[in-house]
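The values are calculated or read from the model by the stated rules, or taken from the named source; none is laboratory data. Worth saying up front: this structure is predicted, and the values here are computed from it rather than measured. Neighbour counts run over all protein chains shown; Cβ positions are idealised from the backbone, glycine included.
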Amino acid sequence: MEHDVPVALLAQLRSTWEAEIRPSARRALVALAAALLIGLAHLARRGTPAVRATVAALLAAFCVFLVVRAIVLHRRRQDPRRTIQETIGPTDPELAAATVRGLGLVEQTAKDATRGSASLARLHLARLLSRASTERIAERASVAARRWSVAGLVFALVAVFGAAIEQRVVEGLDVLVARNGEAPLPLSYLENVDIVAKPPEYLHQHGRVIDTFEATSLPRGTMLTVHGHPTYPSRTLVLTDGKVEVPFAFDGGGGVVARWELGESATLRIAARFGDVRIAQADEQEVTSIPDLAPKVLVEEAPRTVRMLDEPEIVVSYEATDDHGLREVDLVYRSGGREARRVLSRPQGDLKSDRGSHRIVFGGDAFFKRNFLPVEITVEARDNDPIVGPKWGKSAAIVVIPPQVGEPEAIRYEALVRARDALTDLVAMRLVEDTPKGKQNADHVKKEREAQEKALGVVEEALSGTYGGLRFPRRALALARGQLRRLEVALAEEQKQPSAATHQKLVEESEEVLLAIDAAARSLGTSDTRRVAKRLATVADEAAEATAVAAGQRGSEAANGVARLDAAVTVLDGGGKQLLRLGQLGLDLGEIVANGLRRIDRARKANDLFHAELAARDLAARLRNPDPSFAGGGGSGSGSGTESAAGGGGTGDGDPSSADDAAEAGEQELEDLIREHANELEDVEQALERAFSQDELDELKDEAKKHAEAIRESIKNLPRRAGEPGSATAAGKQARDLAESMADALEQGRPRDAVQSGKEALRALEDAKKRGQDADQWDMGEQSAGREADRARPGLAEELAWAEQALEKLRKSAAERAKGDLEKSGKREAQMAERARKLGEKGASGDGSLPEETLDLLDRAEKSMRDAERALAEGDGDAGLEHQQNAQRLLEMARGERNNEENESNQERPESSDGRSMAKKADIPGKEGHKGPDAFRKRVLEGLGGSSDPLLKEAVKRYAEGLLR
């Protein structure tokens, strides 16, 4: 019990001291913790990783400090000496020292009884402790407590002040606990928010205000403008979808604005940026992006499959639609790895629908001519989406199955053979027919007419037919129809004067025609055989390459090579069978193909791909030189479409008919005449150009500058930008361009071009005026364009009249100077007219007979040449030039147009029959022959504007003028 007295007194002293100090100290520490937390929260708002780590470290250090302090205080309470010094020491140092010594004596006597009585030592310590004044200790403790209270007040004031600055503390703590750059607690930063959605420009839609923070759907590319007033103006605000963010900018009126271009669907939020951390606002704007859909394309009767032999041509009718606008519609061919595109339409004005038709003639299309695989035909449309790029819509496919190689040629050849057989029957009937006598004349002529019409019907059906896209060559048609005209003439003579002589003449003409058609059939068969053989040579090369791949590769590559080889062998087999149908040379080469395929097959079965490749290459080399076998295969292989019967038929006999040679000679003579007449026409043009005096042109230029300025002044208010096609604005813009062209031509001394452009400009002004008058009453732009066109007409018409007068003056003076050259040209024109007349006479009868249409064109061309001769002889160069141009056009019409097959044949004829390179005489123009863009423009205008139809002539010239601009 005596032992507990000092302990109780020490506890009483500690309790007295702490009763005064502990509450104030705790309040001060709490205030310090609050101030520290608020200060660190302000620091944490910087949001950088380094600052956030520093703040976290300081908070951890403060927590450690509190723990350490608690431990230290606890240990102090357990230490009697520390308690004596902290409680008694401040008020009575001497008593505190004596008490500490008494405490030491108690500890010593407790350990060593020789040092004295322990009871007496404890009694002494108790008496010392009882002497301490609790009132003085409490008074001293209250002084220390007041210091703690002042400190706590200071910390509390700091905390309150820091917390009172907007919502920085919350923001700092929010930033401090953020993860992955996103703060967990949403805060409000923007109020009075409104959102305006402006669709992309290509949609031509107006902007609208959407319901704020409510789910909405908008077209992709829409520009969202978010406007509001910031709650705290010092924050850096952004608009974000969680991945991308757009900063807000001040609008100059106390608000902020941000613009967001809509791509994919997004949920937009307003957020404040603190370094690497965002604090989002609770409001969300959910926006669903409506993509611009790909165009839809519908093709009539697609999908379907077409055989080229059954349908030599097809019409692809399409309709393309898009939700916003079309830019291009293409016709697309695909076959194997090949693709070809052809533009069908380029809609203007963001049309949402486009329809049209396109005719495909397989025989006239280069893509189909050398293609042996099925072709997929589709129509594809491209939209006008500038946001994610144009998208293509694709129609269902029309699959075109091509014929076997040589099959169209074989069918065409057999059709001509049937025509020859029909003529053979006609000749046979006439050979056994008795000579008409008396009353039998009418019956005889009727019988002859019926038989001939029947035969000619078969021939005409063959000539006008299309065979897998192929038609008969131009020369074969001219030859055949010319020969048929001989029959008509001979039958008409017998019908006019029935007699034994006229009947015999009819029989002889029929025999000649039969021989001519027979020669044409053999020539066509030979030329077709050569062409088909060369195409098969390409396929044989493919077979060799595929065999090499199969032999040298493994796995999928080897399998691919085998597949290619099988495809090539299939094509060769079909082509070889078609060769057998093309006459004697076809029989020969068809057997060669069959033998070559057997060699390839034997090598493949023996797994000897090396020799299979050699067999394919040998077959390709033989087919590339498609001469008869009995000629050794060493001929020229010229591939000409006019081989003799010896070369074509393979009999070695001469050709009993010279019709083919006569047709070739006539064609060459016509070609020479066309070329020489074109040169003469150009000489007349140059003579007229040279005849213009340079002094007169310079004088005209000086005066023309004033008139050019007057022209520009009269059209200055016309539209500068073209509107919709067919509108008054478009016509006004066209008139402006043409008038500008007229002014430029006057300044450059080209009065002829100036007059032409001026006439076109007046027509365009009249068109613009009419369209402006017909425009809707609300369309002020169209009406204005029409009025300005009407105001411009008088001034332009006056300047055009001056230009015409100036041109006429120049023409008169130029005609005098060019009279000598024009007279010489007139004489040469007369000579060419005579050649045209003789060419027509040759084509009127005999083996070189020409069709009636060709003879008529030659006759009209001769008349135009005679007219040109007279005009040139009189010195009227313009009239003579016009007649020459008409004659040139008629001559080219008489020649006709080559089809693709003939062009291909010409390209495959690099050498003559004796192995020498073929060449045509051609002049290489020198630098003095170059007349630049002005001459080119003049030639285009005169060439395209040379239509004899006055309704078409000006329209074509306007089209040419538009091209040249």
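Cβ-Cβ contacts under 9 Å between residues 6 or more apart (or on different chains), taken from a first residue in region 849-876 that is in contact (Cβ under 8 Å) with a residue 40 or more places away in the chain and of a type in the set (Lys, Arg) to a second residue that is in a helix (DSSP H, G or I) and crowded, with 19+ Cβ neighbours inside 10 Å, are listed as ARG870/GLY826; ARG870/GLY880; ARG870/HIS883. Taking (1) at positive phi; (2) surrounded by fewer than 19 Cβ atoms within 10 Å (Cβ to Cβ) in turn, VAL68 satisfies each apart from (1). Summed over region 270-293, residues that are in a loop (DSSP other than H, G, I, E, B) and within 30 Å of ARG46 (Cα to Cα) total 2. Restricting GLY576, GLY590, GLY586 to residues that are in contact with a Phe, Trp or Tyr (Cβ under 9 Å, 6 or more places away or on another chain), in contact (Cβ under 8 Å) with a residue 12 or more places away in the chain and in a helix (DSSP H, G or I) narrows the list to GLY586. Taking the conditions (1) buried (at least 22 other Cβ atoms within 10 Å of the Cβ); (2) without any contact (Cβ under 8 Å) to a residue 60 or more places away in the chain; (3) among the polar types (S, T, N, Q) in turn, SER395 satisfies each one other than (2).
Return a yes/no flag: does region 84-98 have any residue that is hydroxyl-bearing (Ser, Thr, Tyr) and either modelled with pLDDT of 80 or more or more than 19 Å from ALA28 (Cβ to Cβ) (or both). So far as region 84-98 goes, yes, one or more of its residues are hydroxyl-bearing (Ser, Thr, Tyr) and either modelled with pLDDT of 80 or more or more than 19 Å from ALA28 (Cβ to Cβ) (or both). Out of ASP310, ASP323, one residue alone is exposed (fewer than 15 other Cβ atoms within 10 Å of the Cβ) and in a loop (DSSP other than H, G, I, E, B). It is ASP310. With a requirement of 1 or more residues that are modelled with pLDDT of 85 or more and among the small types (Gly, Ala, Ser), the strands (runs of 3 or more DSSP E) lying completely within region 176-240 that satisfy it span 190-198, 216-219, 223-230. For GLY389, the stated conditions do not hold, so it cannot be described as touching a helix residue (DSSP H, G or I) at 6+ places or on another chain (Cβ under 9 Å) and among the small types (Gly, Ala, Ser).
Within region 515-558, can you find the residues that are part of a helix (DSSP H, G or I), within 40 Å of the chain's Cα centre (by Cα) and among the basic types (Lys, Arg)?
Residues of region 515-558 part of a helix (DSSP H, G or I): 515-552, 556-558.
Subset that is within 40 Å of the chain's Cα centre (by Cα): 528, 530-550, 552, 556-558.
Matches in region 515-558: ARG530, ARG531, LYS534, ARG535.
Only one of the listed residues (ALA710, ALA687, ALA704) is of a type outside the set (Lys, Arg), buried (at least 21 other Cβ atoms within 10 Å of the Cβ) and at pLDDT 75 or above. That residue is ALA704.
Once region 259-269 is narrowed to residues that are among the charged types (D, E, K, R) and not in a loop (DSSP other than H, G, I, E, B), the residue that is farthest from GLY207 (Cα to Cα) is ARG269. Pairing residues of region 80-106 that are farther than 15 Å from LEU10 by Cα with residues that are surrounded by fewer than 19 Cβ atoms within 10 Å (Cβ to Cβ), at Cβ distances under 6 Å and at least 6 apart in sequence or on separate chains, gives THR91/ARG136.
A single entry from VAL549, VAL539, VAL458 fulfils the requirement of being out of contact with any strand residue (DSSP E or B) (no Cβ under 7 Å at 6 or more places or on another chain) and within 27 Å of PRO851 (Cβ to Cβ): VAL458.
Pairs needed: first member in region 115-131, modelled with pLDDT of 75 or more and surrounded by fewer than 20 Cβ atoms within 10 Å (Cβ to Cβ); second member anywhere, among the hydroxyl-bearing types (Ser, Thr, Tyr) and assigned to a helix (DSSP H, G or I); C-beta distance under 7 Å; at least 6 residues apart or different chains. Taking only residues 6 or more apart or on different chains, the pairs are SER117/THR109; ALA118/THR109. Take region 837-883 and flag every residue that is more than 22 Å from ARG811 (Cβ to Cβ), part of a helix (DSSP H, G or I) and not charged (D, E, K, R). The answer is LEU839, GLY840, GLY843, THR854, LEU855, LEU857, LEU858, ALA861, MET865. Exactly one residue out of LEU431, LEU463, LEU423 is out of contact with any Cys (no Cβ under 7 Å at 6 or more places or on another chain), surrounded by 20 or more Cβ atoms within 10 Å (Cβ to Cβ) and in a helix (DSSP H, G or I), and it is LEU423.
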